[in-house]
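Only one structure is covered here, and it is reproduced in the block below.
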Amino acid sequence: MKLGVLALQGDFAEHGSALRRLDVEVVEVRLPRHLEGLSGLIIPGGESTTISRLLREYGLLAPIRERVQRGMPLMGTCAGAIVMAKTAIGLHQENLGLMDITVRRNAFGRQVDSFEADLEIPALGAPPLHAVFIRAPTIETVQPGVEVLARLADGTVVAARQGHLLALVFHPELTADPRFHAYFLRMAEQATTPGQEPVVAAGSGDPSRP
Ligand code: GLN
């Protein structure tokens, strides 16, 4: 299993280490050709403005969009979640715009720039996940088809999944708990297992088929 980590800016090295601990082969993606043969891609935390600008400058916006639209799993953490969102309030740059969520940059304001919280995440099971938030965005709205995976105690959405897209506004790459990287690895395995691909049902009305 070969997974890519977008390595233009931000804490891509920590994501690489987290994946290697799960015996995943990691490719640092800086150019379109680095996307060849990947079973999934992670966009790290950092600055969403810088990452979005560099994605455009390095010609990566269209190739990543095409691959994800064809089914390549994508995970974004913090700035990465902002780069994935269809609507990103406070981001004045073109982003990937792939996931049906609205995020708000720096939504927690200055007083609570950074904080930590234990999150109950049914998709990961017990125990709660210790999550680190650093100038995090919030997920303000999720459109139909998007599953909320985690909320803060006040109801704020902080993790969501839409099929092969996973957005987290905190940083699982900065703690030792491997469960979200393992979860994404399973998403990538499911996407590349032939038996799991959408199958056209027999007799589905295509007249060119016997
Ligand atoms: N505040 C940053 C942004 O808006 C995100 C911070 C982070 O990734 N830790 O891009």
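Give the residues of region 106-121 that are assigned to a loop (DSSP other than H, G, I, E, B), surrounded by 15 or more Cβ atoms within 10 Å (Cβ to Cβ) and away from the ligand (no atom under 14 Å from the Cβ), sorted by residue number.
Taking region 106-121 first, the residues assigned to a loop (DSSP other than H, G, I, E, B) are 106-113, 120-121.
This time we only want the ones that are surrounded by 15 or more Cβ atoms within 10 Å (Cβ to Cβ), so: 106-108, 121.
Selection gives Ile121 alone.
Going by the conditions given, is Val169 within 18 Å of Ala18 (Cβ to Cβ) and within 13 Å of the ligand (Cβ to nearest atom)?
Here the answer is yes, as Val169 does meet what is asked.
Can you spot a residue in region 143-152 that is within 12 Å of the chain's Cα centre (by Cα) and either on the phi < 0 side of the Ramachandran plot or within 16 Å of the ligand (Cβ to nearest atom) (or both)?
To start, the set of residues in region 143-152 that are within 12 Å of the chain's Cα centre (by Cα) comprises none.
Within region 143-152 (the criterion being within 12 Å of the chain's Cα centre (by Cα) and either on the phi < 0 side of the Ramachandran plot or within 16 Å of the ligand (Cβ to nearest atom) (or both)), the answer is no, since none of the residues qualifies.
May I ask you to say which residue of Arg179, Arg161 is in contact (Cβ under 8 Å) with a residue 24 or more places away in the chain, of a type in the set (Lys, Arg), within 12 Å of Ala81 (Cβ to Cβ) and touching a Leu at 6+ places or on another chain (Cβ under 9 Å)?
Arg161
Please report, ordered by residue number, the strands (runs of 3 or more DSSP E) entirely within region 1-105 with at least 2 residues that are open to solvent by 10 Å² or more (accessible area, probe 1.4 Å), at pLDDT 95 or above and within 14 Å of the ligand (Cβ to nearest atom).
Values: elements: 2-6, 25-29, 41-43, 74-77, 85-89, 99-104.
Where strands (runs of 3 or more DSSP E) fall fully within region 1-105 and carry at least 2 residues being open to solvent by 10 Å² or more (accessible area, probe 1.4 Å), at pLDDT 95 or above and within 14 Å of the ligand (Cβ to nearest atom), they are 85-89.
Looking at region 123-172, which of the residues that are of a type in the set (S, T, N, Q) and outside any strand (DSSP E or B) is most open to solvent (accessible area, probe 1.4 Å)?
Per the criteria, the residue is Gln143.
The values are calculated or read from the model by the stated rules, or taken from the named source; none is laboratory data. None of these values were measured; they are calculated from a predicted model. Cβ atoms come from the backbone with ideal geometry, glycine included; neighbour counts cover every protein chain shown. For the accessible areas, the whole protein counts, side chains as well, though only heavy atoms, and no ligand, DNA or RNA atoms are used. Shrake-Rupley method; radii C 1.70, N 1.55, O 1.52, S 1.80 Å.
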